[in-house]
Amino acid sequence: METYETAAVLTAAVLVLDALLHVYWMTGRTWPARDVTALSRGLLNADVPFTPRVLAPLVLVLSAGAVAVLARADVILPGLPGWLPAAGTVAVAAGLGLRTGAGVVWALGVGARRDSAFYKLNLAVYTPVCVVLTAATLRVALA
């Protein structure tokens, strides 16, 4: 397997896992938090409803992003017009890049309290994962 294919599979796997977590939360469950408020604050640093109306579009976007990245690397759907998975992969890279930038700002303490669960998770998990996935997705986009 080429390095860009490995990068595509890694990115798609994380996007699909994220989509599946959103599907799980659509059922009303809140793991790993105790309730919706704690889940929302831990994940987003804000109070956001975890309802199907909010989560379903995210599931679709995450799933479409995973398909686009895999198709760009010719792992799936080899017959698609090349511009479609290329555009989708660039969109995924842009979104991840924006989240990475926001994560760096939050890590500096701007807009996030340093004693919050969100701040700690952003520093230890969210931003590092976004840095890796941004690089992986750019690798796929440029292949």
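The values are calculated or read from the model by the stated rules, or taken from the named source; none is laboratory data. None of these values were measured; they are calculated from a predicted model. Reconstructed Cβ throughout: ideal geometry from the backbone, glycine too, with neighbour counts over all protein chains shown. Only protein heavy atoms, including side chains, enter the accessible area calculation; ligands, DNA and RNA are left aside. Shrake-Rupley method; radii C 1.70, N 1.55, O 1.52, S 1.80 Å.
Looking only at the range 121-143, filter to residues that are of a type outside the set (A, V, I, L, M, F, W, C) and within 11 Å of the chain's Cα centre (by Cα); which one of those is surrounded by the fewest Cβ atoms within 10 Å (Cβ to Cβ)?
This residue is TYR126.
Check the range 37-46 and report whether any residue there is at positive phi and either modelled with pLDDT of 95 or more or not in a helix (DSSP H, G or I) (or both).
yes
PRO78 passes all but one of (1) over 21 Å from TYR4 (Cα atoms); (2) free of Cβ contacts under 8 Å to residues at least 12 places away in the same chain; which number fails?
The one condition PRO78 does not meet is (1).
Do any residues in the range 125-140 that are assigned to a helix (DSSP H, G or I) have Cβ atoms under 8 Å from those of residues that are of a type in the set (Phe, Trp, Tyr), where the two are at least six apart or on different chains, and which pairs are they?
Pairs that qualify, where the first residue is assigned to a helix (DSSP H, G or I) and the partner is of a type in the set (Phe, Trp, Tyr), are THR127/TRP106; ARG139/TYR4; VAL140/TYR4.
Could you go through the range 102-109 and let me know if any residue there is loosely packed, with under 14 Cβ neighbours inside 10 Å and not in a helix (DSSP H, G or I).
yes
Which residues, taken from the range 22-47, are open to solvent by less than 50 Å² (accessible area, probe 1.4 Å), without any contact (Cβ under 8 Å) to a residue 60 or more places away in the chain and not aromatic (Phe, Trp, Tyr)?
HIS22, THR30, ALA33, LEU39, SER40, ALA46
Look at the range 34-58 and say how many of its residues are of a type in the set (A, V, I, L, M, F, W, C) and in contact with a Ser or Thr (Cβ under 8 Å, 6 or more places away or on another chain).
Going through the range 34-58 one residue at a time, the tally reaches 6.
Out of all the residues in the range 62-75, is one or more open to solvent by 30 Å² or more (accessible area, probe 1.4 Å), modelled with pLDDT of 95 or more, closer than 30 Å to ALA33 by Cβ and of a type in the set (Val, Ile, Thr)?
yes
Considering only the range 90-101, how many residues are among the β-branched types (Val, Ile, Thr) and either surrounded by fewer than 18 Cβ atoms within 10 Å (Cβ to Cβ) or touching a residue at least 60 places away in the same chain (Cβ under 8 Å) (or both)?
Here the count works out to 2.
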